[in-house]
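Enquirer: I'd like to ask you about the structure that follows.
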Amino acid sequence: MEQHKAVVRRIIEELWSQGDLALLDTLVAEELVNHPTLVGLPPGRAGFRQLITLMRTAFPDLRLSIDRLLAEDDRVVARVIAEGTHAGAVGGVPPSGHAARWSAIHIYRLEDGQVVERWGEAHLVDLLQQLGQLPPLGTDGAEPEQRTGA
């Protein structure tokens, strides 16, 4: 399990945070199954490469820090905190220049020292609020004086 955790730590610190895509061939299986499958991205390692490139283009200073790293059997669960400056378009959202910080949970299944399956869930509501795309929860987007009729 410690070896599995070491692989995931490298994926988070070296692939996601440093953008060292040369490590993909070593750490990620060619036929990786990625959940959810994002529309427009190819399957396998190639799609994961494009996902990392997409996020690092949108957030060139992207850094993921590990909050929790848990392993059992062939799976490693990582809760991460992502931070970066929104300098490129992503998901139809034009660059805002805003600094953003959001949490995500990644689950990795490993075989023979490589990731063969990955699940990723990010707190996108929090991210979209920071990028100015959604109002804070519990509001309708109007200024406080507009909501009260004052």
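The values are calculated or read from the model by the stated rules, or taken from the named source; none is laboratory data. Computed from a predicted model, the values in this text were never measured in an experiment. Reconstructed Cβ throughout: ideal geometry from the backbone, glycine too, with neighbour counts over all protein chains shown. Note: accessible area is taken over every heavy atom of the protein model, side chains too, but ligands, DNA and RNA are not part of it. Shrake-Rupley method; radii C 1.70, N 1.55, O 1.52, S 1.80 Å.
Enquirer: Tell me, which residue of region 104-114 that is closer than 13 Å to V77 by Cβ and in contact with a helix residue (DSSP H, G or I) (Cβ under 8 Å, 6 or more places away or on another chain) is surrounded by the fewest Cβ atoms within 10 Å (Cβ to Cβ)?
Expert: Looking at residues that are closer than 13 Å to V77 by Cβ and in contact with a helix residue (DSSP H, G or I) (Cβ under 8 Å, 6 or more places away or on another chain), I get H106.
Condition check ((1) among the small types (G, A, S); (2) farther than 29 Å from G132 by Cβ; (3) modelled with pLDDT of 95 or more) across all residues:
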{"site": "R9", "(1), (2), (3)": "no, yes, yes"}
{"site": "A22", "(1), (2), (3)": "yes, yes, yes"}
{"site": "G40", "(1), (2), (3)": "yes, no, no"}
{"site": "F59", "(1), (2), (3)": "no, no, yes"}
{"site": "L70", "(1), (2), (3)": "no, yes, yes"}
{"site": "D74", "(1), (2), (3)": "no, yes, yes"}
{"site": "V90", "(1), (2), (3)": "no, no, no"}
{"site": "R109", "(1), (2), (3)": "no, yes, yes"}
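Enquirer: Filter region 20-41 down to the residues that are under 15 Å from the mean Cα position of the chain (by Cα) and assigned to a strand (DSSP E or B), then identify the one that is surrounded by the most Cβ atoms within 10 Å (Cβ to Cβ).
Expert: N34
Enquirer: From (1) out of contact with any strand residue (DSSP E or B) (no Cβ under 7 Å at 6 or more places or on another chain); (2) open to solvent by less than 60 Å² (accessible area, probe 1.4 Å); (3) modelled with pLDDT of 95 or more, pick out the condition that doesn't hold for H86.
Expert: (1)
Enquirer: Only one residue in G84, G97, G47 is in a strand (DSSP E or B) and either closer than 27 Å to L128 by Cβ or over 16 Å from the mean Cα position of the chain (by Cα) (or both), so which one is that?
Expert: G84
Enquirer: If you go through region 100-138, how many residues are in contact (Cβ under 8 Å) with a residue 12 or more places away in the chain and over 12 Å from the mean Cα position of the chain (by Cα)?
Expert: Number satisfying all stated conditions: 18.
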